[in-house]
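Chemist: Encoded as structure tokens, here's the structure I'll be asking about.
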Amino acid sequence: TSQHTSQHTTTHTMDRKQVAMFIVHCHPEGSIGYLMLASLLAPDELVQLDDGQVVDRKQLYVEAIRCDPEWGGAYYDLGDEVTCLEEQVPLHDGRALDKRQLFVEAIRHDPDLAVAYRSLAELLDDDEDEKVQLPDGRELGWGLLQWEALRCDPDCGEAYCELAWGLSEDAGVKVRLPDGRVLDCAQMFVEAIRCRPDYSEAFLGLAKVLTDAKTVQLHDGRVLDKKQLYVEAIRCKSKDADVYSMLANLLAPGETVQMHDGRVLDQQQLRDHVALQKAAEKRRTAFLALANWLRPDESVTMGDGQTLSLKQVMDVAFAFSGQCSTRLANEHYFGGMRATLAGAGPDYLKNIAVSSLRKGLQPGETMRLPDGTVVEGEAAAAAAADGDKGKEEASSANKRARIDDDDVAVEAAED
């Protein structure tokens, strides 16, 4: 009997996608099935519903909103699916909303949805003066949107980290948080690490504001100095060449540091690692640019005769980046970039790809493109020892200005 039961169960076992389809079939006016099915589809995957519609993830979220127009999370998921800022998604009630409007609509129906405030703040990331009008009439800029995220979720590590970076140029300033605590820049980085112990940006920011001679105690009891914070940042994001460079600059000639994996490296070994990572990053950038230009049915041929399809080009790019979780997001990005740059001329994306490939391919390595163009790798220039330090400082200064302009509760630090 048990054998028969086991065989019967195996025959009728459904995977999660089939379960979601079954829920939609049984409850076509319920939002749960559509939301579940959307979360299980690949970015470009299509599925046919009982009524004959062939839909993608975006359209499934639209169906979920039709079934439950009061569910804030569905508006957020749909907004997160939109790749082009100018794109407007038609809803069943006649409205057509863009990415920002969908996040605002999510807040209208769920005013405590922290991720919606964070996502709105990211949309303002390049404009320090821009504000967003919320459903309650308030107009909030970047800083107050991060603050609202913390009001909704006191464990939102990203919001702590972003606000801390905004204050990193002035250690004498504190911010009063929604829960009444008053924290300075370093304390907010520590909070970010408490919320996300694998958050490289938080360790990096804390190292930046900590003086060489000081240490800081984390919530887990560890007491770390500046070098150890950089080591932790590398543990969380092992392919970040700039962090290796910053750590190398802290070491004196002959001095060594123990890495998270037990290796003991000196200054020169760290800089050798920087050079390797910079080369890998250029190759990743080159293959991403190539993927953005290639059509789905096209391929390229390497100098050794190996042929790479679009999918294989992307596999190479993300093998170098080591960020598999970012792959789907970049597949969306490619589609959005193609749409945005459609009017820029037929050779615009190709020229970007060719320029990137010349820098990303190894010296003497060649690649034949679909139109017959042969690209050869150029000799790489020596990597700068201090990475993107100037860019990092400009970014943090910009965020600080936006916090001041945004009237976040900022107080002078007490002596």
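No value in this document is a laboratory result; all are computed from the given coordinates. Only a predicted model underlies this, so the values are computations on that prediction, with no experimental measurement involved. Cβ: placed from backbone, ideal geometry, glycine included. Neighbour counts: every protein chain shown.
Chemist: Calculated FRET efficiency, Arg176 and Glu255, Cβ-Cβ r, R0 35 Å, to nearest 0.05? Walk me through the numbers before you get to the answer.
Modeler: On the way: r = 41 Å, r/R0 = 1.17.
With a Förster radius of 35 Å, E is 0.30.
Chemist: Report the label-to-label distance for Arg108 and Asp15 in nanometres (one decimal), using points 7 Å from each Cα along the Cα→Cβ vector.
Modeler: If labels sit at Arg108 and Asp15, their model points lie 3.8 nm apart.
Chemist: Full-extension gain between Glu122 and Arg138, please, as 0.36 nm times their residue separation minus the C-alpha to C-alpha distance. Numbers along the way, then the final one.
Modeler: On the way: separation 16, 0.36 × 16 = 5.76 nm, distance 1.80 nm.
Residue separation times 0.36 nm, minus the Cα-Cα distance, leaves 4.0 nm.
Chemist: Now for a separate question. Between Glu378 and Glu45, take the C-beta separation as r, use R0 = 45 Å, and let me know the FRET efficiency to the nearest 0.05. Walk me through the intermediate numbers first.
Modeler: Numbers: r = 39 Å, r/R0 = 0.86.
After rounding to 0.05, the efficiency reads 0.70.
Chemist: For Val223 and Asp371, calculate 0.36 nm times their separation in residues minus their Cα-Cα distance, and state this gained length in nm to one decimal. It would help to have the intermediate numbers written out before the result.
Modeler: Values: separation 148, 0.36 × 148 = 53.28 nm, distance 5.77 nm.
That works out to 47.5 nm of additional length.
Chemist: Just flag the trypsin sites (Lys or Arg not before Pro) in region 132-214 sitting in loop per DSSP whose Cβ has no more than 15 other Cβ atoms within 10 Å.
Modeler: Working: sites: Arg138, Arg151, Lys174, Arg176, Arg181, Arg194, Lys208, Lys214; in loops: Arg138, Arg181, Lys214.
Answer by residue number: Arg138, Arg181, Lys214.
Chemist: Still on this model: Once label points are set 7 Å from the Cα along Cα→Cβ at both Lys311 and Cys26, what is their separation, rounded to one decimal in nm?
Modeler: 3.3 nm
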